Amino acid sequence: MIGVDTNILVRYLAQDDPAQARRVDAFFSEALDDGMRLHVDDIVLCEMVWVLRAAYRLGRAAIAQALNMVMSTAIFSFEDRELVRAALEDYREGAADFSDYLIGRRNARAGCEHTVTFDSSLRDDSSFVLL
């Protein structure tokens, strides 16, 4: 298994640098042919969302679609694919950032009763309590 960094995923999604995009596409194709798994860490997903929002100015729906595309790519592995999918659904339906929902889901999995926050966009999510 090989880890994948944020810039590789962004290049895969954006295809805006032809030379780098070709290298990424070739790498993914080779990995697929070799039966290799590529690991995507939760932090990479959070960074990817930030880059897509801040640098590429994508909206929530486009970012959710990009996350779904990454989650649906067979060669990618995740620490907990179902937990990330649940956080993605929270993101689609909620007002907070993807990373907030992922934190809430990870904390719940760790046995936390809830997560305290100052983020008022999480006021309607029962996994969070505003401090």
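The values are calculated or read from the model by the stated rules, or taken from the named source; none is laboratory data. Here the structure is a predicted model, which means the values were calculated and not measured. Cβ sites come from the backbone with ideal geometry, for glycine too, and all protein chains shown count toward neighbours. All accessible areas refer to the heavy atoms of the entire protein, side chains included, with ligands and DNA or RNA removed. Shrake-Rupley method; radii C 1.70, N 1.55, O 1.52, S 1.80 Å.
Annotations for the structure displayed:
- Some residue of the stretch 110-128 being under 16 Å from the mean Cα position of the chain (by Cα), under 30 Å from M36 (Cα atoms) and not hydroxyl-bearing (S, T, Y): no
- If only residues of the stretch 29-43 that are in contact with a strand residue (DSSP E or B) (Cβ under 8 Å, 6 or more places away or on another chain) and crowded, with 17+ Cβ neighbours inside 10 Å are counted, the one that is modelled with the lowest pLDDT is A31.
- Looking across the stretch 73-127, the residues that are touching a residue at least 60 places away in the same chain (Cβ under 8 Å) and of a type outside the set (S, T, N, Q) come down to F76, L102, R106.
- Considered as a group, the residues in the stretch 59-103 that are open to solvent by less than 20 Å² (accessible area, probe 1.4 Å) and not in a helix (DSSP H, G or I) include one that is nearest to A31 (Cα to Cα), and that residue is I75.
- Matching residues, the stretch 12-27, being in a helix (DSSP H, G or I) and touching a helix residue (DSSP H, G or I) at 6+ places or on another chain (Cβ under 9 Å): Y12, L13, A14, Q20, A21, R23, V24, D25, F27
- Any hit, the stretch 62-85, residues being among the basic types (K, R) and modelled with pLDDT of 95 or more: yes
Residue-by-condition table, conditions (1) free of Cβ contacts under 8 Å to residues at least 12 places away in the same chain; (2) under 21 Å from the mean Cα position of the chain (by Cα); (3) under 17 Å from M69 (Cβ atoms):
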{"residue": "G3", "(1), (2), (3)": "no, yes, no"}
{"residue": "I8", "(1), (2), (3)": "no, yes, yes"}
{"residue": "L13", "(1), (2), (3)": "no, yes, yes"}
{"residue": "P18", "(1), (2), (3)": "yes, no, no"}
{"residue": "F28", "(1), (2), (3)": "no, yes, yes"}
{"residue": "A31", "(1), (2), (3)": "no, yes, yes"}
{"residue": "D34", "(1), (2), (3)": "yes, no, no"}
